[in-house]
Amino acid sequence: MFENLKPQPEDKIIKMIGMFAADPRDDKLDLGVGVYKDADGNTPVMRAVKKAEARLLESQGTKKYLGLLGNLEFIDGMRDLVLGSSVASARVTGAQTPGGTGAIRQIFELITMATPDATVWISDPSWPNHEAILKYLGMKIGKYRYFNEATCGVDFDGMMADLNGAAAGDVILLHGCCHNPTGANITLEQWGAVTDLMLAKKLMPMIDIAYQGFGDGLEADAAGVRHMASRVPEMLIAASCSKNFGLYRDRVGVALAVCEGDVALTKGALAGLNRVNFSFPPDHGATVVAIIMGDPELRADWMEEVESMRLSMLSLRGALADALRRETNSDRFDFIADHRGMFSRLGLTSEQVDTLREEYGIYMVGDSRFNVAGLPVNGLDDLAKAIAAVL
Ligand code: LMR
């Protein structure tokens, strides 16, 4: 039977991880996959996570199954982290999932169950796995303009014009903050205008929020989502703890649904989807998050560490923009300092990205997306020289 299998479509982020690992050069630089790195290039376990894990190891007396939805304190904690008090908690239900990707997958399947003919609209460009999962599930895909290559900002007029073409019941997937891959984000005022459009056209918002805390702060990054949640009757949210809790490999995410009326049906559907896909979600990371959220001291320490990660990325953005201004004698790359989150795109051709990799050992995704946290704090001039040389 295996001869019937077809080669899998390539994922440009996963491909680049493999290429980087296979490169024998000592001085290679990884600006690819979205993993936070400190000034020494390490991705340590976060302080509050280490402490919560120690507590868990001490206190956990059983590994027996929890319910299909996972750790309910974790779900409530994530609801509060993302939505704050924007919506009555009785209107929100959710299921723990294996990572943010698991949440996206479960939500797409929920959409298929509820409205099989709906088109899911994604930003152009978006995180490549959005389109890959939608294609795999055979769902209808629409794309809305998002990025203006000339200004390196959001093409908001284009976005609104395209969303205006969506049909009632279609799902609009928005990045909650820190747009991946562009780093260009809509303002709070624009969130208001998108919300008006959602209501007028009876569209269903779906939010992917994977970088809360990495843009303008934990609260500020959720402001747009909270505004929308306070006004729409229904909403879907996929949230990830990979980045802001550094729990990448533990696979910690949540699928949340804001409901208009009774949450029981939606809750049952999310539990049922977990059952048929993997039964019980992995517990460890989610329980660690629940411990942190439930303990004022651990929570404060976690918030402080997320904030210092954010500030370090912000200062790297400014420093790279400065170095590129010096090396290129232009303001072409000033947008890097204005963007927010873990990524921006340099706006290079794929040939220029290839040259950076082949000649300088500098790895970024083929669309010239780079991981801000991977920037070498003491090597920015060399990096800027290399980028200037391939222009
Ligand atoms: C990324 O965009 O680099 C991260 O979200 C990791 C991934 O799974 O692609």
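The values are calculated or read from the model by the stated rules, or taken from the named source; none is laboratory data. What you see is a predicted model, and the numbers here were worked out from it, not measured in a lab. Positions of Cβ are backbone-derived with ideal geometry, glycine not excepted, and every protein chain shown enters the neighbour counts.
Might you check whether a residue that is among the acidic types (Asp, Glu), assigned by TED's automatic domain parsing to the domain that holds ILE237, surrounded by fewer than 20 Cβ atoms within 10 Å (Cβ to Cβ) and free of Cβ contacts under 8 Å to residues at least 12 places away in the same chain occurs anywhere in segment 129-143?
Yes, segment 129-143 contains a residue that is among the acidic types (Asp, Glu), assigned by TED's automatic domain parsing to the domain that holds ILE237, surrounded by fewer than 20 Cβ atoms within 10 Å (Cβ to Cβ) and free of Cβ contacts under 8 Å to residues at least 12 places away in the same chain.
Residue by residue through segment 156-199, note down the ones that are over 25 Å from ILE133 (Cα atoms) and of a type in the set (D, E, K, R).
ASP157, GLU189, ASP196 - these are the residues of segment 156-199 that are over 25 Å from ILE133 (Cα atoms) and of a type in the set (D, E, K, R).
Among the residues of segment 124-141, write down those that are within 16 Å of the ligand (Cβ to nearest atom) and in a loop (DSSP other than H, G, I, E, B).
Of everything in segment 124-141, those that are within 16 Å of the ligand (Cβ to nearest atom) and in a loop (DSSP other than H, G, I, E, B) turn out to be PRO125, SER126, TRP127.
In segment 8-15, is there at least one residue being touching a residue at least 60 places away in the same chain (Cβ under 8 Å) and farther than 30 Å from LEU273 by Cβ?
For segment 8-15, residues touching a residue at least 60 places away in the same chain (Cβ under 8 Å) and farther than 30 Å from LEU273 by Cβ: absent.
What residue, among those in segment 367-391 that are of a type in the set (Gly, Ala, Ser) and surrounded by fewer than 18 Cβ atoms within 10 Å (Cβ to Cβ), is farthest from the chain's Cα centre (by Cα)? Can you show your working first?
Step one: filter segment 367-391 for residues of a type in the set (Gly, Ala, Ser), giving 368, 373-374, 379, 384, 386, 388-389.
Within this subset, residues satisfying the condition of being surrounded by fewer than 18 Cβ atoms within 10 Å (Cβ to Cβ) are 379, 388-389.
On the way: GLY379: 27, ALA388: 29, ALA389: 32 Å.
Among residues in segment 367-391 that are of a type in the set (Gly, Ala, Ser) and surrounded by fewer than 18 Cβ atoms within 10 Å (Cβ to Cβ), the one farthest from the chain's Cα centre (by Cα) is ALA389.
For segment 347-366, state whether one or more residues are at positive phi, within 16 Å of the ligand (Cβ to nearest atom) and among the small types (Gly, Ala, Ser).
no
Does any residue of segment 313-335 turn out to be within 16 Å of the ligand (Cβ to nearest atom) and either part of a helix (DSSP H, G or I) or surrounded by 18 or more Cβ atoms within 10 Å (Cβ to Cβ) (or both)?
Initial filter on segment 313-335 (within 16 Å of the ligand (Cβ to nearest atom)): 313.
Checking which are either part of a helix (DSSP H, G or I) or surrounded by 18 or more Cβ atoms within 10 Å (Cβ to Cβ) (or both) leaves us with 313.
Scanning segment 313-335, I find at least one residue that is within 16 Å of the ligand (Cβ to nearest atom) and either part of a helix (DSSP H, G or I) or surrounded by 18 or more Cβ atoms within 10 Å (Cβ to Cβ) (or both), so the answer is yes.
Determine whether segment 284-300 contains at least one residue that is within 16 Å of the ligand (Cβ to nearest atom), over 22 Å from LYS50 (Cα atoms) and either at pLDDT 95 or above or buried (at least 18 other Cβ atoms within 10 Å of the Cβ) (or both).
Scanning segment 284-300 turns up no residue that is within 16 Å of the ligand (Cβ to nearest atom), over 22 Å from LYS50 (Cα atoms) and either at pLDDT 95 or above or buried (at least 18 other Cβ atoms within 10 Å of the Cβ) (or both).
Return the only residue of ALA373, ALA389 being within 16 Å of the ligand (Cβ to nearest atom), part of a helix (DSSP H, G or I) and closer than 26 Å to LYS15 by Cβ.
Values: ALA389 fails: within 16 Å of the ligand (Cβ to nearest atom).
Answer to the check: ALA373.
Give me a count of the residues in segment 278-294 that are out of contact with any strand residue (DSSP E or B) (no Cβ under 6 Å at 6 or more places or on another chain) and part of a helix (DSSP H, G or I).
Qualifying residue count, segment 278-294: 10.
Only one residue in ILE237, ILE207, ILE186 is at negative phi, more than 16 Å from the ligand (Cβ to nearest atom) and crowded, with 23+ Cβ neighbours inside 10 Å. Which one?
ILE237
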